[in-house]
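Engineer: Could you have a look at this structure, given as structure tokens, before my questions?
The values are calculated or read from the model by the stated rules, or taken from the named source; none is laboratory data. Owing to the predicted nature of the structure, the values given are computational and were not obtained by experimental measurement. Note that we place each Cβ from the backbone using ideal geometry, even for glycine, and neighbour counts take in every protein chain shown. To get the accessible areas, we keep the full protein, side chains included, count just its heavy atoms, and leave off ligands, DNA and RNA. Shrake-Rupley method; radii C 1.70, N 1.55, O 1.52, S 1.80 Å.
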Amino acid sequence: VRPLVSVIIPAHNEAAVIGTNLAALKKQTYSNLEIIVVDDSSSDDTAAIAKKLTPHVFTRRHAERSVQRNFGAKQAKGKYLLFLDADMELTSTVINDCARKVQADKKIGAIAIPETPIACNFLGQVKAFEREFYSEEGDPDTDAARFFTREAFMKAGGYDETLTGPEDWDLPENVAKAGYRIGRINSRIIHYERIPSLIRLLQKKY
């Protein structure tokens, strides 16, 4: 039996995209999954849509993304943990490729997954243009690991709940400090870039 993979998705008012994300997970070539949605008290139909596709939907009071992710990890039963944003869509072999990679090399504790951005507005186009300059071979300054072995995630202490934005790079650094290697696959995540304002983009980059 293939090891269970827990997919953890924090969401806040993501009714426009959460269905696409979850539908893509149902089409993965790796079938032993549990899907955990941590709904941040959404005022739209995010939770209702998610409950149609997974029984593991938790509603939490407003908290930063790292808090929601760590909460999801505590509910998870999988040997492996995959953290996604609600506005992402996996191509069909992503989870299978990640699982095979960590099973083939026990020194790997995390996997970076390349992203293909799809712009939903002008600022999204700017962000997508920026990503065109990222290395196809992988670069720790731009690639953030999203797939972790539970063991590595726990030894690294999970996501730093005092960080918002840099936590995507902070956790893989801590995984590496704990003695693990960071792997990378070729299968891609489709990321629907929806940047609400220039100020928000600059705050994230800062």
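Engineer: Open to solvent by 10 Å² or more (accessible area, probe 1.4 Å), under 26 Å from Ser187 (Cβ atoms) and without any contact (Cβ under 8 Å) to a residue 60 or more places away in the chain, is that true of Arg100? Don't jump to the end; show me each part of the working.
Structural biologist: On the way: open to solvent by 10 Å² or more (accessible area, probe 1.4 Å): yes; under 26 Å from Ser187 (Cβ atoms): yes; without any contact (Cβ under 8 Å) to a residue 60 or more places away in the chain: yes.
Judged against the criteria, Arg100 is a match.
Engineer: Could you run through segment 176-190 and say how many residues are of a type outside the set (A, V, I, L, M) and open to solvent by 40 Å² or more (accessible area, probe 1.4 Å)? Don't jump to the end; show me each part of the working.
Structural biologist: Restricting attention to segment 176-190, the residues satisfying the condition of being of a type outside the set (A, V, I, L, M) are 177, 179-181, 183-184, 186-188.
From what's left, open to solvent by 40 Å² or more (accessible area, probe 1.4 Å): 177, 179, 181, 184, 186, 188.
The total comes to 6.
Per-residue answers, yes or no, for (1) within 19 Å of Ser6 (Cβ to Cβ); (2) aliphatic (A, V, I, L, M); (3) under 14 Å from the mean Cα position of the chain (by Cα):
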{"position": "Asp39", "(1), (2), (3)": "yes, no, no"}
{"position": "Ala47", "(1), (2), (3)": "yes, yes, no"}
{"position": "Lys51", "(1), (2), (3)": "yes, no, no"}
{"position": "Thr54", "(1), (2), (3)": "yes, no, no"}
{"position": "Phe58", "(1), (2), (3)": "yes, no, no"}
{"position": "Arg69", "(1), (2), (3)": "yes, no, yes"}
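Engineer: Moving on to the next point. Scan segment 154-175 for residues that are of a type in the set (A, V, I, L, M) and open to solvent by less than 50 Å² (accessible area, probe 1.4 Å) and jot them down.
Structural biologist: We begin by selecting, within segment 154-175, every residue of a type in the set (A, V, I, L, M); these are 154, 156, 163, 171, 175.
The answer is Ala156, Leu163, Leu171, Val175.
Engineer: Among the residues of segment 89-107, count how many are part of a helix (DSSP H, G or I) and of a type in the set (Gly, Ala, Ser). Step through it out loud before you land on a result.
Structural biologist: Filtering segment 89-107 down to residues part of a helix (DSSP H, G or I) leaves 94-104.
Cutting the leftovers down to of a type in the set (Gly, Ala, Ser) gives us 99, 104.
Count: 2.
Engineer: Looking at (1) over 19 Å from Glu89 (Cα atoms); (2) open to solvent by less than 50 Å² (accessible area, probe 1.4 Å); (3) touching a residue at least 40 places away in the same chain (Cβ under 8 Å), find the lone condition where Ser6 falls short.
Structural biologist: It is condition (1) that Ser6 fails.
Engineer: Now for a different question. Taking into account only those residues within segment 77-89 that are under 15 Å from the mean Cα position of the chain (by Cα) and open to solvent by 10 Å² or more (accessible area, probe 1.4 Å), which is nearest to Trp169 (Cα to Cα)?
Structural biologist: Asp85
Engineer: Related question: Look at segment 31-53 and say how many of its residues are more than 13 Å from Ile9 (Cβ to Cβ) and touching a Ser or Thr at 6+ places or on another chain (Cβ under 8 Å).
Structural biologist: Here the count works out to 1.
Engineer: Now a separate question. Take segment 24-64 and flag every residue that is assigned to a strand (DSSP E or B), touching a residue at least 60 places away in the same chain (Cβ under 8 Å) and open to solvent by 70 Å² or more (accessible area, probe 1.4 Å). Give the derivation first.
Structural biologist: Going residue by residue through segment 24-64, those that are assigned to a strand (DSSP E or B) are 33-39, 56-59.
From what's left, touching a residue at least 60 places away in the same chain (Cβ under 8 Å): 33.
Residues satisfying the conditions do not exist here.
Engineer: While we're looking at this one, here's another question. Which of the residues belonging to segment 1-23 are of a type outside the set (A, V, I, L, M), in contact with a strand residue (DSSP E or B) (Cβ under 8 Å, 6 or more places away or on another chain) and not in a helix (DSSP H, G or I)? Give the steps one after another, and end with the answer.
Structural biologist: Just the residues of segment 1-23 that are of a type outside the set (A, V, I, L, M), to begin with: 2-3, 6, 10, 12-14, 19-21.
Add one more test, that the residue is in contact with a strand residue (DSSP E or B) (Cβ under 8 Å, 6 or more places away or on another chain), and what stays is 3, 6, 10, 12, 20-21.
Result: Pro3, Ser6, Pro10, His12.
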